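Written below as structure tokens is the structure these notes are about.
The values are calculated or read from the model by the stated rules, or taken from the named source; none is laboratory data. Computed from a prediction, not measured in an experiment: that's the story for all the values here. Methodologically, a virtual Cβ is constructed for each residue, glycine included, from the backbone with ideal geometry; neighbour enumeration extends over all protein chains shown. Heavy atoms of the whole protein, side chains included, go into the accessibility calculation; ligands, DNA and RNA do not. Shrake-Rupley method; radii C 1.70, N 1.55, O 1.52, S 1.80 Å.
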Amino acid sequence: MDCKTGAEHLASLRDGRAVYIDGARVADVTTHPAFGNAVRSAAALYDFQARPENLERMTFAPAGGHRRVNRCWQKPRTHQELVQRREALVAWAEQSAGFVGRSPDHVASSLVGQVIGIEVFRRHSEARAKALADYFDYASRNDLFLSYVIINPQADRSKNWGEQEQELVAQLVDEDTGGITVRGAKMLGTSAIMANEILVANLQPLQPGEENLALSFAVPIATKGLKVLSRKSYEAAATSLFDNPISGRFDENDALIFFDDVKVPWERVFVYRDTDMCRAQFHDTLGHTFQNYQAQIRLSVKIRFLAGIARRLAETIGTARLPAVREELGWIAAQAAMVAAMVCGMEAAGHLAEGYFVPNKHYMYAAQVLTQELYPRIVDKIRSLAGGALIMLPSSARDWADPQLARIIEKTQHSPAATPRERVAFLKLAWDAIGSEFGSRHTQYEMFYAGARYVSCGHSFRTYDWGAAEALVRSLLDGCDAEGPVAS
Ligand SMILES: Cc1cc2nc3c(=O)[nH]c(=O)nc-3n(C[C@H](O)[C@H](O)[C@H](O)COP(=O)(O)OP(=O)(O)OC[C@H]3O[C@@H](n4cnc5c(N)ncnc54)[C@H](O)[C@@H]3O)c2cc1C
């Protein structure tokens, strides 16, 4: 049995999708200078899984399917299967050192959690539950790359979503026997330019009366009326892969998704005019748990990469033996291990739900709260370790072409641990990761991809076992009345 390849993925993106950047419509995202390398990096994930030596580690044969597909679609039945699935996700994340946040395993993980909780959809509507189950089968058996938009454009945060500018937020404007028509915007379709389809939902609470906003559905990116408005491309701004080794390859892109009267057939509608079901889709099922468990798996790889950057930075500038620097490196190493350990903890403290083995929800939220604060701290630590090293660099690899400049560069880019060219190559990698405009976007991503801090802390508050914590407090208070004797 074979599986999806990179060439197939690239071919599937030449579908007439309406992607816009710098005032123009993109003819072909696979070759456009703003996206081509990132798209090829995504395609390379499928080539990676298709290699004979990776097939078993990365893929499985889904029931009813005709090909093997990525393990991100696998609903684990045991702790061992959950770990096996995670190992495949780690291997994919390692292909970009965790810099592709919305790789295909992210939304697939969300859907795995949602279909494990299909009973929640059945209580909403048998027809909508069937639509979701059928869609899961279709997307998983074809190993589709899905993106999602589950957040509304900020607009005026002092108002409810239904009170925003008319038809700003994506909403139902018409319906007939064929399906619904949707108009308005959602943010922020990361990876949408290179995905096959997009899942649309509402993670932010809706009020009664906002039923027209209370929808969830999935459509191909190339659907008539669906417009993808890209942000600035960091890939297009990259001078070379020597100068921009990460942003030149892994700029997954973020985009506003605008629904210009998009027609969605009923068999693709999963939530229909039900504000509470929008919440339940993620929180009463395991959708939110699985999507953010995947995010923490990916992040564990990225933090490991940053620990590698920190250590090599200190060695490059000759500070690695200073006790104070070793202390900082030890702190970073502890954080990297903590993130990895929390992933293992989510699995070890997992449980059976509907016959599937699922990660521990509170441990996942705990990791989310801690890591959205951790990421900028680690970036800050690396900046502190670096001094001017990240800045005193040739403007581009082209400087070496001038013998006079090359002589000066070779003399001044001295390092106790690297040749001048190795030093410059490494420091450009480090700057691309943490200091460049691309690096800065990553800090913003890690701080916000799963919600602002008040949202993550709210989830942590709701899911912690306060009963067990309070029981300890009560047990130590018991028998401690002021008149009682001091017991031994
Ligand atoms: C790089 C990047 C990629 C993203 N990719 C995706 C994607 O692929 N799909 C998707 O659906 N979404 C995506 N998002 C959107 C992301 O989910 C949201 O940014 C996130 O949920 C926070 O929502 P918000 O941006 O509306 O911020 P807000 O909720 O408006 O919060 C912004 C700040 O306002 C303040 N604030 C606002 N409301 C309150 C309140 N009630 N109480 C206290 N403080 C408040 C806080 O200081 C908060 O930090 C992405 C975001 C980023 C930055």
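In contact with a Phe, Trp or Tyr (Cβ under 6 Å, 6 or more places away or on another chain), hydroxyl-bearing (Ser, Thr, Tyr), part of a helix (DSSP H, G or I) and at pLDDT 95 or above, is that true of SER96? In short, no. Within the range 30-53, track down each residue that is touching a strand residue (DSSP E or B) at 6+ places or on another chain (Cβ under 6 Å) and within 13 Å of GLU235 (Cβ to Cβ). Matches in the range 30-53: ALA34 only. Is it true that some residue in the range 185-203 is more than 14 Å from the ligand (Cβ to nearest atom), among the hydroxyl-bearing types (Ser, Thr, Tyr) and more than 30 Å from VAL424 (Cα to Cα)? Among the residues of the range 185-203, not one is more than 14 Å from the ligand (Cβ to nearest atom), among the hydroxyl-bearing types (Ser, Thr, Tyr) and more than 30 Å from VAL424 (Cα to Cα), which makes the answer no.
Looking across the range 27-39, the residues that are free of Cβ contacts under 8 Å to residues at least 40 places away in the same chain and either under 15 Å from VAL228 (Cα atoms) or touching a Leu at 6+ places or on another chain (Cβ under 7 Å) (or both) come down to ALA27, ASP28, THR30, HIS32. Only residues that are within 23 Å of GLY451 (Cβ to Cβ) and open to solvent by 30 Å² or more (accessible area, probe 1.4 Å) were counted in the range 363-384, giving 6. Filtering the range 336-358 to residues that are open to solvent by less than 60 Å² (accessible area, probe 1.4 Å), touching a strand residue (DSSP E or B) at 6+ places or on another chain (Cβ under 9 Å) and not in a helix (DSSP H, G or I) leaves GLY350, PHE357, VAL358. Exactly one residue out of PHE99, PHE121 is buried (at least 22 other Cβ atoms within 10 Å of the Cβ) and within 16 Å of the ligand (Cβ to nearest atom): that is PHE99.
For the range 431-488, a tally of residues being open to solvent by 40 Å² or more (accessible area, probe 1.4 Å), under 22 Å from PRO153 (Cβ atoms) and small (Gly, Ala, Ser) returns 1.
Contact annotation: residue pairs with Cβ atoms under 8 Å, 6 or more positions apart or on different chains, pairing a residue in the range 440-454 that is among the charged types (D, E, K, R) with a partner that is part of a loop (DSSP other than H, G, I, E, B) and near the ligand (Cβ under 6 Å from one of its atoms), are ARG441/ASP254.
When GLN164 is tested against (1) of a type outside the set (Val, Ile, Thr); (2) at pLDDT below 95; (3) surrounded by fewer than 18 Cβ atoms within 10 Å (Cβ to Cβ), only condition (3) is not met. Close Cβ contacts (under 7 Å, 6 or more residues apart or on different chains) running from residues in the range 263-277 that are under 16 Å from GLN204 (Cα atoms) to residues that are crowded, with 18+ Cβ neighbours inside 10 Å and at pLDDT below 95 comprise VAL271/HIS124; ASP274/HIS124; MET277/HIS124. Within the range 429-488, if we keep just the residues that are within 11 Å of the ligand (Cβ to nearest atom) and charged (D, E, K, R), the residue that is nearest to the chain's Cα centre (by Cα) turns out to be GLU446. Restricting attention to the range 174-217, the residues being touching an Asp or Glu at 6+ places or on another chain (Cβ under 6 Å) and farther than 20 Å from ASP261 by Cα number 2. Cβ-Cβ distances below 6 Å connect no pair with a first residue in the range 40-60 that is more than 25 Å from ARG14 (Cβ to Cβ), a second residue that is open to solvent by 40 Å² or more (accessible area, probe 1.4 Å) and at pLDDT below 95, and a separation of six or more residues or different chains. Can you find a residue in the range 214-224 that is closer than 20 Å to GLY287 by Cα, within 16 Å of the ligand (Cβ to nearest atom), of a type in the set (Ser, Thr, Tyr) and not in a loop (DSSP other than H, G, I, E, B)? Yes, there is a match, as at least one residue in the range 214-224 is closer than 20 Å to GLY287 by Cα, within 16 Å of the ligand (Cβ to nearest atom), of a type in the set (Ser, Thr, Tyr) and not in a loop (DSSP other than H, G, I, E, B).
Entry remark, the range 138-157: residues being part of a loop (DSSP other than H, G, I, E, B), of a type in the set (S, T, N, Q) and near the ligand (Cβ under 9 Å from one of its atoms) number 2 in total. With the structure loaded, tell me whether ALA336 is small (Gly, Ala, Ser), over 16 Å from SER456 (Cα atoms) and touching a helix residue (DSSP H, G or I) at 6+ places or on another chain (Cβ under 8 Å) or whether it fails that test. Against the criterion (small (Gly, Ala, Ser), over 16 Å from SER456 (Cα atoms) and touching a helix residue (DSSP H, G or I) at 6+ places or on another chain (Cβ under 8 Å)), ALA336 qualifies. When LEU82 is tested against the conditions (1) under 17 Å from the mean Cα position of the chain (by Cα); (2) open to solvent by less than 10 Å² (accessible area, probe 1.4 Å), the lone failure is (1). Test PRO52 against the criterion of being farther than 13 Å from PHE145 by Cα, in a loop (DSSP other than H, G, I, E, B) and touching a helix residue (DSSP H, G or I) at 6+ places or on another chain (Cβ under 7 Å), and give yes or no. No; evaluated as a whole, the condition is false for this residue. Scanning the range 104-118 for residues that are within 13 Å of the ligand (Cβ to nearest atom) and either of a type in the set (A, V, I, L, M) or open to solvent by 10 Å² or more (accessible area, probe 1.4 Å) (or both) returns a single hit, VAL107. Test GLY162 against the stated conditions and say whether it is in contact with a His (Cβ under 8 Å, 6 or more places away or on another chain) and either part of a helix (DSSP H, G or I) or over 30 Å from GLU354 (Cβ atoms) (or both). So GLY162 does not fit the description; no. ARG279 fulfils the conditions (1) part of a helix (DSSP H, G or I); (2) under 26 Å from ALA127 (Cβ atoms); (3) open to solvent by less than 10 Å² (accessible area, probe 1.4 Å) except for a single criterion, (3).
Within the range 164-180, residues that are under 14 Å from GLU211 (Cβ atoms) have Cβ atoms under 8 Å from residues that are in a loop (DSSP other than H, G, I, E, B) in these pairs: VAL169/ASN152; VAL169/PRO153; VAL169/ALA155; ALA170/ASN152; LEU172/ARG273; VAL173/GLU167, counting only partners at least 6 apart in sequence or on another chain. Out of the residues in the range 124-137 meeting the condition of being open to solvent by 70 Å² or more (accessible area, probe 1.4 Å) and not basic (Lys, Arg), tell me which one is farthest from the ligand (Cβ to nearest atom). Selected residue: GLU126.
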